[in-house]
1. Please specify each residue of the range 122-145 satisfying the condition of being open to solvent by 40 Å² or more (accessible area, probe 1.4 Å), more than 14 Å from Arg77 (Cβ to Cβ) and part of a strand (DSSP E or B).
2. On the given criteria, is Asp78 over 24 Å from Thr14 (Cα atoms) and acidic (Asp, Glu)?
3. Cβ-Cβ under 6 Å, sequence separation 6+ or interchain: first residue in the range 113-136 and touching a residue at least 24 places away in the same chain (Cβ under 8 Å), partner surrounded by 20 or more Cβ atoms within 10 Å (Cβ to Cβ) and among the basic types (Lys, Arg). Which pairs?
4. Considering only the range 89-145, state which residues are under 15 Å from the mean Cα position of the chain (by Cα) and hydrophobic (A, V, I, L, M, F, W, C).
5. Select from the range 51-71 the residues that are without any contact (Cβ under 8 Å) to a residue 60 or more places away in the chain, surrounded by 17 or more Cβ atoms within 10 Å (Cβ to Cβ) and more than 17 Å from Asp34 (Cβ to Cβ) and list them in ascending order.
6. Look through the range 5-44, keep the residues that are open to solvent by 60 Å² or more (accessible area, probe 1.4 Å) and free of Cβ contacts under 8 Å to residues at least 12 places away in the same chain, and return whichever of them is farthest from the chain's Cα centre (by Cα).
Amino acid sequence: MEPPRSLQQRQQDTPGRLESDTDAWIASADAEGDAYLLPLSFLWDGAGLVVATPSSSVTGRNLSRGRRVRVAVGQSRDVTITDGNAEPMQDERTKDAFAAKHAWDPRKETSDYAYFRIVPDRVQAWRERNELTGRTLMRDGDWLA
């Protein structure tokens, strides 16, 4: 096992991971609190994770409520967990960037897609158990290092 990374190193590594990875597990809940989990492609725009999903899908309905969302990027031995709130996203340049990153443009699909930005207020990252202590990199929307 490699030695643990410092808080500063993990905080430097995390934006690169969010910029380069393409897919994440998105956990949302309906009005009754029933959880729903599925993978979605995402774009890190520097302020949040942008996702697109059919407006009428379970995830689309859940995210449109603006409730809490949890996002997991990576594998269990090198993971970034982001907690935040989803907000509708209408910026066409960001949609263009999403389409360019994924070589797929949801705006060209026959279904009506909604875009959401998941704005983080907590970010955690770790690789192995020796990084569990101090895994929180952002709390209440503020980076800790």
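1. Matches in the range 122-145: Arg122, Arg139, Asp142, Trp143.
2. So Asp78 fails the test.
3. Ala125/Arg10
4. Once the filter is applied, which keeps residues that are under 15 Å from the mean Cα position of the chain (by Cα) and hydrophobic (A, V, I, L, M, F, W, C), the range 89-145 yields Met89, Phe98, Phe116, Ile118, Val119, Val123, Ala125, Leu137, Met138.
5. Val71, the sole residue that qualifies.
6. The qualifying residue farthest from the chain's Cα centre (by Cα) is Glu32.
The values are calculated or read from the model by the stated rules, or taken from the named source; none is laboratory data. None of these values were measured; they are calculated from a predicted model. Reconstructed Cβ throughout: ideal geometry from the backbone, glycine too, with neighbour counts over all protein chains shown. With ligands, DNA and RNA removed, areas are computed over all heavy atoms of the protein, side chains included. Shrake-Rupley method; radii C 1.70, N 1.55, O 1.52, S 1.80 Å.
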